[in-house]
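Chemist: Just dropping this structure here.
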Amino acid sequence: MRTPPRRRNTALGRIPAALAMVAVLVIGVPLASSERNVGARSAGRPPNIIVILTDDLDVALWRSLPLSGEIGGHDFVNAFVTSPLCCPSKASTLTGLYAHNHRVWATEPPQGGLYAALRSGMQDSTLPVWLQDAGYRTGFMGRYLVGYGWRDSPPSYVPPGWDTWIGRVSNTAHGYRNIEFSFDGQVRRLRGNESTHFLPQARDFIRRAGDQPYFLLLAPMAPHAPWGGARYPGDPARRPGIMRPIEHLVRQLLADMDGSTYLFFTSDNGYHLGPHPGKATPADTDTRVPLSVVGPDVVEGMDEHFALNIDLAPTIAELAGVAPPTPVDGVSLVPLLRGLDPPWRDRFTVELLPFTAVRSADQIEIHWADGRTERRAP
């Protein structure tokens, strides 16, 4: 199922022509300084890196959870995703690219899901590929791009870059219990609540890595619907309970961590409950996400700089001492993690097929695909 290596699409792809200049202008805004050596890893063994990427965890729910007050570390209070929908957001997290460059726009073919990623060749230059090439042991467990194992690929398919692969095969609507996963291409059903399996699998992966530096991406479905009950999506009051095993997972991993490990905690997008539950709008409810980083030399406290999901790949690459082999749209957050205050973005782009929006500190300017322009407070 692997596609040939691709050349990065520097055009704006499928964004309507009237909106293209908006994205160009925002992408061209000066970001961080070129002071990229600040905080680079010391000589010797590269650090270990764990990323926990939850699904539909909005900031309102996050702040209501006990873990939000316990995790510590560097808390980016203005963290956002550049596409408020799982597939394009996860693709941006893995590549450091906006959707118009990785070309995964939605959850359904032909412009979305794993189908679009396979067609674009996106997976041939991703963070796990870079780290694996640099000698890291890489592992994935959780929900990948929509369609993996049941619509857009067989469960035997293992995406490039992963030494250990535990990808959810069951459709999202199947919920949390007795879920099938592809273990390096072989399907196994995990009994009980899938969220309770992340900790033992993570510990087993870390044990097997031994002295080799590792990169582990855990992508639980929590707190994505269904939330229990007779009708989909269910009762939203159950969402905090769905997150409890993930809170336990984070606490235990933090307790296990040594002084050479970084942990990133975030979400693929936000979520709104009213008037109807959902996401995929340019509103802050859908684009703002939690982002906390714990690790060696990370300065604790709140950070108000705009931090984006496209920044995670270049940040982790820098911590690992790796240069992305292809250009990325994001910028490393390492200077901020080290407590520096370099020149930084004051706006960014949010994009899905129906719109391109420009988010600044005090305004969202939305350019709809039908030609309308809307300005509103965040």
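Chemist: Mind checking which residues of segment 288-302 are part of a strand (DSSP E or B) and either within 13 Å of the chain's Cα centre (by Cα) or at pLDDT below 95 (or both)?
Modeler: Scanning segment 288-302 gives R288, L291, S292.
Chemist: Here's a follow-up. Looking only at segment 325-341, count every residue that is crowded, with 19+ Cβ neighbours inside 10 Å and not hydroxyl-bearing (S, T, Y) and tell me the total.
Modeler: Of the residues in that region, 9 qualify.
Chemist: Sort through D204, D184, D133, D163 and tell me the only one that's closer than 25 Å to P109 by Cα, modelled with pLDDT of 95 or more and of a type in the set (D, E).
Modeler: None of the other options fit; the residue is D184.
Chemist: Name the residues in segment 202-253 that are in contact with a Gly (Cβ under 7 Å, 6 or more places away or on another chain), part of a helix (DSSP H, G or I) and among the charged types (D, E, K, R), would you?
Modeler: Within segment 202-253, R238 is the sole residue that qualifies.
Chemist: List, please: which pairs have Cβ atoms under 8 Å, are six or more places apart or on different chains, and start with a residue in segment 265-291 that is without any contact (Cβ under 8 Å) to a residue 12 or more places away in the chain and end with one that is aromatic (F, W, Y) and open to solvent by 20 Å² or more (accessible area, probe 1.4 Å)?
Modeler: G278/Y271
Chemist: Oh, and also: Quick check on segment 174-195. Is at least one of its residues assigned to a helix (DSSP H, G or I), over 30 Å from A320 (Cα atoms), aliphatic (A, V, I, L, M) and open to solvent by 30 Å² or more (accessible area, probe 1.4 Å)?
Modeler: There is no residue in segment 174-195 that is assigned to a helix (DSSP H, G or I), over 30 Å from A320 (Cα atoms), aliphatic (A, V, I, L, M) and open to solvent by 30 Å² or more (accessible area, probe 1.4 Å).
Chemist: Considering only segment 75-121, state which residues are out of contact with any strand residue (DSSP E or B) (no Cβ under 8 Å at 6 or more places or on another chain), open to solvent by less than 10 Å² (accessible area, probe 1.4 Å) and hydrophobic (A, V, I, L, M, F, W, C).
Modeler: C86, A91, L97, L114, A117
Chemist: Out of everything in segment 262-297 that is polar (S, T, N, Q) and open to solvent by less than 40 Å² (accessible area, probe 1.4 Å), what residue ends up being farthest from W105 (Cα to Cα)?
Modeler: The residue in question is S292.
Chemist: I'd like to verify a number: residues in segment 142-156 that are of a type in the set (K, R) and surrounded by 19 or more Cβ atoms within 10 Å (Cβ to Cβ), how many?
Modeler: Residues in segment 142-156 being of a type in the set (K, R) and surrounded by 19 or more Cβ atoms within 10 Å (Cβ to Cβ): 1 in total.
The values are calculated or read from the model by the stated rules, or taken from the named source; none is laboratory data. Because the structure is a prediction, the values reported are computed rather than measured. So basically every Cβ, Gly included, is an ideal-geometry build from the backbone, and we count neighbours across all protein chains shown. Side chains included, ligands, DNA and RNA excluded: accessible areas come from the protein's heavy atoms. Shrake-Rupley method; radii C 1.70, N 1.55, O 1.52, S 1.80 Å.
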